[in-house]
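Student: This structure is in structure tokens; I'll ask about it shortly.
The values are calculated or read from the model by the stated rules, or taken from the named source; none is laboratory data. None of these values were measured; they are calculated from a predicted model. Reconstructed Cβ throughout: ideal geometry from the backbone, glycine too, with neighbour counts over all protein chains shown.
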Amino acid sequence: MFNIVLFGAPGAGKGTQAVMIAEKFELMHLSTGDILRKEISAGSELGKLAQQYTDSGEFVPDDVIVDVIRSQMEQNSHVKGFIFDGFPRTIAQAEALDKMMNKYRLTISSVLALEVATEELVKRLQIRGESSGRADDLSIDVIRNRIDVYNQKTKPLIDYYHAQNKYCPVDGIGEIAEIFGRLCSSIEGLLNTP
């Protein structure tokens, strides 16, 4: 089973690229953001809990996210592999993911990291907020807080995955198709490594 973490700051393009990668390489796309937005829209208990955090740009607690991912993996154990989009976001989540993978005798094949400068991220998120109406992309203060939270809580994963020799930076600037091409080259390189 081939499993990828698509890594990057809010606005790096993870969601857009993950959908295309999942389709091309026949992977199950697991987006914590999509799952939580669906729950929020349905008004579920999980959705109500998640909304309290996302409205201010904070992360939903690790235990909640880990349970969501565990449930999705168990329900989809037949797939060729997973692409994790927006997970893990903290060292605790990465450790929990490693434990889950070990339980099923699986591993993370690679962590593909979309690298994008902060001001470009802010610009992309503002544009997305205007076009999609996503509450977490409408306020510049919430956007900046989301990037600050990413820098404090998620960036340490770079060292975590470097230590496992799984971290692969990819230039996240350019047209969607260009970035997709770079990601595909990295994935194909991994698939062709004996």
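Student: Scan (1) free of Cβ contacts under 8 Å to residues at least 24 places away in the same chain; (2) closer than 22 Å to Asp67 by Cα; (3) of a type in the set (A, V, I, L, M, F, W, C) for the single condition Ile140 breaks and write down its number.
Tutor: (2)
Student: Determine, yes or no, whether Ser56 is of a type in the set (Gly, Ala, Ser) and modelled with pLDDT under 90. Steps first, answer last, please.
Tutor: Numbers: of a type in the set (Gly, Ala, Ser): yes; modelled with pLDDT under 90: yes.
In short, yes.
Student: Any chance you could count how many residues in the range 79-97 are under 13 Å from the mean Cα position of the chain (by Cα) and basic (Lys, Arg)?
Tutor: Number of matching residues: 1.
Student: Oh, and also: With the requirement that a residue be crowded, with 24+ Cβ neighbours inside 10 Å, part of a helix (DSSP H, G or I) and not charged (D, E, K, R), what does the range 2-17 give you?
Tutor: Gln17
Student: What about Met101, is it touching a residue at least 24 places away in the same chain (Cβ under 8 Å), assigned to a helix (DSSP H, G or I) and touching a helix residue (DSSP H, G or I) at 6+ places or on another chain (Cβ under 7 Å)? Break it down stepwise before answering.
Tutor: Numbers: touching a residue at least 24 places away in the same chain (Cβ under 8 Å): yes; assigned to a helix (DSSP H, G or I): yes; touching a helix residue (DSSP H, G or I) at 6+ places or on another chain (Cβ under 7 Å): no.
No; evaluated as a whole, the condition is false for this residue.
Yes/no matrix, rows are residues, columns are (1) modelled with pLDDT of 95 or more; (2) under 16 Å from Gly13 (Cα atoms); (3) not in a helix (DSSP H, G or I):
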site	(1), (2), (3)
Tyr161	yes, no, no
Pro169	yes, yes, yes
Ile173	yes, yes, yes
Ala177	yes, yes, no
Phe180	yes, yes, no
Cys184	yes, yes, no
Gly189	no, no, no
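Student: For residues in the range 34-63 being hydroxyl-bearing (Ser, Thr, Tyr) and assigned to a helix (DSSP H, G or I), which is nearest to Ile147 (Cα to Cα)?
Tutor: Thr54
Student: Among the residues of the range 158-172, which ones are over 13 Å from Ser110 (Cβ atoms) and either small (Gly, Ala, Ser) or surrounded by 14 or more Cβ atoms within 10 Å (Cβ to Cβ) (or both)? Steps first, please.
Tutor: Step one: of the range 158-172, the residues over 13 Å from Ser110 (Cβ atoms) are 158-160, 163, 171-172.
Of everything in the range 158-172, those that are over 13 Å from Ser110 (Cβ atoms) and either small (Gly, Ala, Ser) or surrounded by 14 or more Cβ atoms within 10 Å (Cβ to Cβ) (or both) turn out to be Ile158, Tyr160, Ala163, Gly172.
Student: Any residue in the range 58-85 that's free of Cβ contacts under 8 Å to residues at least 24 places away in the same chain: show its pairings with residues that are among the small types (Gly, Ala, Ser) and surrounded by fewer than 19 Cβ atoms within 10 Å (Cβ to Cβ) at Cβ separation under 9 Å, as long as the two are six or more apart or on different chains.
Tutor: Sorted first by the residue in the range 58-85, then by its partner, the pairs are Asp63/Ala92.
Student: Within the range 108-148, which residues are assigned to a loop (DSSP other than H, G, I, E, B), surrounded by fewer than 17 Cβ atoms within 10 Å (Cβ to Cβ) and modelled with pLDDT of 95 or more?
Tutor: Ala117, the sole residue that qualifies.
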